[in-house]
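Enquirer: Once you've had a glance at the structure underneath, I'll fire off some questions.
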Amino acid sequence: MNTVQVKVKRQDRPDGEPYWEEFAVPYRPNMNVISALLEIQKNPVNAGGQKVRAVVWESNCLEEVCGACSMVINGRVRQACSALVDKLEQPIRLEPMATFPVEKDLAVNRKRMFDALQSIKGWIAIDGTYNLGPGPRVSQERQQELYAYATCMTCGCCLEACPNVNDRSPYLGPQAMAQIRYFNAHPTGAMMKEQRLDAAISDGGIANCGQSQNCVQVCPKGIPLTTALAEVNRDANRHAWKRWFHG
């Protein structure tokens, strides 16, 4: 194999019409999709021999840690840095995630994910004016259990795969719900548990989850999202009843 055939779904501006463009890039062993895109960037000439604008995409760590290079590859959302060319059917079809607004080509605006983290208060509040002393001790077993949720890199794969996340639904998505589970399970984070559960029973909360389990199938980090969703649903129902009876 001397060349790799790559088809890219392109869009010149946020309100532009998408179109497909095909490229033939030089092959080398063990290259990933990012390597192919770098070859196109180096020599932006399409398969028809025309000089074109270089393809726009996002990447950072190249180690499946930052989550920036999420895109739809051959119909499946995943990280481009860990998608090896040798294991992909050609032509390799690259598309931007459809759940998020397209900025240009494969680059999308994932602002809704960070807005969701604000909605569920995905942080631990620290006063900052004085030394709060050592935090509560957490057993190694508990640390190990919670670590999986800490690996979330806000990549957007779970939102892309979820049929309930779209522009007609207020659902914050599985990532935000899992972070409610993560922060509320920590003894310090639990200080804001009630506020996070308020978000869980809001219009964009857990009631919008359809239990399709698509999210857990595409998560690059293997986060137990369906377990988190089930536990947040349980806690949210208890919280709703508490609100109902006690105000």
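Enquirer: Would you please name the chymotrypsin sites (Phe, Trp or Tyr not before Pro) within segment 1-64 that are DSSP coil residues with at most 15 other C-beta atoms within 10 Å of their C-beta? Provide the component values of the computation, followed by the final result.
Expert: Working: sites: Tyr19, Trp20, Phe23, Tyr27, Trp57; in loops: Tyr27, Trp57.
Here no chymotrypsin sites (Phe, Trp or Tyr not before Pro) fit, given the DSSP loop and packing criteria.
Enquirer: A follow-up question, please. Give the lysines whose C-alpha is closer than 29 Å to that of Lys7, dropping any in the same chain fewer than 8 places away, or say none.
Expert: Lys42, Lys51, Lys87, Lys104, Lys111, Lys221
Enquirer: Cα centroids of segment 62-119 and segment 130-183: how far apart, whole angstrom?
Expert: Computed from Cα coordinates, the inter-centre distance equals 19 Å.
Enquirer: Still on this model: If you scale each eigenvalue of the Cα gyration tensor by 5 and take the root, what three semi-axes come out for segment 90-224, rounded to whole angstrom and sorted largest first?
Expert: On the way: eigenvalues 176, 57, 46 Å².
Computed over segment 90-224, the values are 30, 17, 15 Å.
Enquirer: Dimensions of segment 12-128 along principal axes (Cα, Å, largest first)?
Expert: Computed over segment 12-128, the largest-to-smallest principal extents equal 59, 34, 26 Å.
Enquirer: List, in order, the whole-Hz ³J(HN,Hα) value for each residue of segment 190-195 obtained from phi through the Karplus relation with A = 6.51, B = -1.76, C = 1.60 and θ = phi - 60°; use x for Gly and Pro.
Expert: Per-residue couplings from phi come out as 5, 4, 10, 4, 4, 5 Hz.
Enquirer: So what is Rg over Rh here for segment 103-145, counting just Cα atoms and using Kirkwood for Rh?
Expert: Expressed as Rg/Rh, it is 1.21.
Enquirer: Still on this structure, I have one more. What is the pair-distance distribution P(r) of segment 147-247, computed from all Cα-Cα distances in 5 Å bins starting at 0, with each bin given as a whole percent?
Expert: Calculated P(r), rounded to whole percents: 2, 14, 25, 24, 19, 10, 4, 1, 0.
Enquirer: Keeping the other protein chains in place, figure out the carbon and sulfur percent of the accessible area of the chain, with a 1.4 Å probe.
Expert: On the way: 6450 of 13270 Å².
Of all accessible area on the chain, carbon and sulfur atoms account for 49 percent.
Enquirer: Something else now. So, by mean Cβ neighbours within 10 angstrom, what's the order for 90-97, 187-194 with the highest one leading? All intermediate terms of the calculation are to be shown ahead of the outcome.
Expert: Values: 90-97: 19.8, 187-194: 14.9.
Ranked from most to least packed, the peptides come out as 90-97, 187-194.
Enquirer: Next up: Suppose only helical runs count, i.e. DSSP H with n ≥ 4. What mean residue ellipticity at 222 nm does that imply for the chain under -39500 (n - 2.57) per run, divided by all residues and rounded to the nearest 500 deg cm²/dmol? Could you put the intermediate results ahead of the total?
Expert: Details: 8 runs with 82 residues, N = 247.
Only helices count here, giving -10000 deg cm²/dmol.
Enquirer: Next question. Solvent-accessible area per residue for the chain at a 1.4 Å probe radius, Å²?
Expert: Numbers: 13270 Å² over 247 residues.
I get 54 Å² per residue for the chain.
Enquirer: Okay, moving on. Quick one: which residues, 5 or more positions from Val4 or on another chain, have an amide H under 5 Å from its amide H? H modelled 1.01 Å from N in the peptide plane, none for Pro or chain starts.
Expert: Val25, Tyr27
Enquirer: With angles folded into 0 to 90 degrees, how steeply does helix 174-185 sit against the dominant principal axis of the chain? Use alpha carbons for both and round to 10.
Expert: Approximately 40 degrees, to the nearest ten.
Enquirer: Amide H of Glu103 versus every other amide H placed in the peptide plane: which residues, excluding those fewer than 5 positions away on the same chain, fall under 5 Å?
Expert: Sorted by chain and number, the residues that satisfy this are Val108, Asn109.
Enquirer: Starting with the highest mean, order 215-227, 2-14 by the number of other Cβ atoms within 10 Å, averaged over the residues of each peptide. Please list the in-between numbers first.
Expert: Details: 215-227: 18.7, 2-14: 16.6.
By packing density, highest mean first, the sequence is 215-227, 2-14.
Enquirer: For Arg93, enumerate residues with amide H under 5 Å from its amide H, sequence gap 5+ or separate chain, H modeled in the peptide plane.
Expert: The list, which skips near neighbours in sequence, is Lys7, Asn74.
Enquirer: Still on this structure, I have one more. Isolated Cys in the chain by the 4.7 Å beta carbon test?
Expert: Isolated Cys, the chain: Cys69, Cys81, Cys152, Cys155, Cys157, Cys162, Cys209, Cys219.
Enquirer: Whole-Hz ³J(HN,Hα) for each residue in segment 158-172, computed from phi via Karplus 6.51 cos²θ - 1.76 cosθ + 1.60 with θ = phi - 60°, x for glycine and proline: what do you get?
Expert: 5, 5, 5, 7, 6, x, 9, 9, 7, 6, 9, 10, x, 3, 6
Enquirer: For the chain, take the alpha-carbon Rg, divide it by the Kirkwood Rh, and send me Rg/Rh. Don't jump to the answer; show the numbers that get you there.
Expert: Working: Rg = 21.0 Å, Rh = 19.9 Å.
Reported Rg/Rh (Cα atoms, Kirkwood Rh): 1.06.
Enquirer: Across every pair of different alpha-carbon atoms, what Kirkwood hydrodynamic radius in Å does segment 202-247 reach?
Expert: Working: mean 1/r = 0.0842 Å⁻¹.
Result for segment 202-247, one decimal place: 11.9 Å.
Enquirer: Still on this model: Normalised by the residues of the chain, what does the relative contact order come to in percent, with Cα pairs under 8 Å and at least six apart? Don't skip to the answer; put the middle values down first.
Expert: On the way: 407 pairs, mean separation 41.5, N = 247.
RCO, the chain: 17 percent.
Enquirer: Across segment 5-15, in residue order, what do the Karplus-derived ³J(HN,Hα) couplings come to in whole Hz, using 6.51 cos²θ - 1.76 cosθ + 1.60 with θ = phi - 60° and x for Gly and Pro?
Expert: Computed from phi, the couplings for segment 5-15 are 8, 10, 10, 10, 7, 10, 8, 6, 7, x, 9 Hz.
The values are calculated or read from the model by the stated rules, or taken from the named source; none is laboratory data. Here the structure is a predicted model, which is why all the values come from computation and not from measurement. Glycine gets a Cβ as well: all are built from the backbone with ideal geometry, and neighbour counts include every protein chain shown. Protein only, heavy atoms only, side chains kept; ligands, DNA and RNA dropped before computing areas. Shrake-Rupley method; radii C 1.70, N 1.55, O 1.52, S 1.80 Å.
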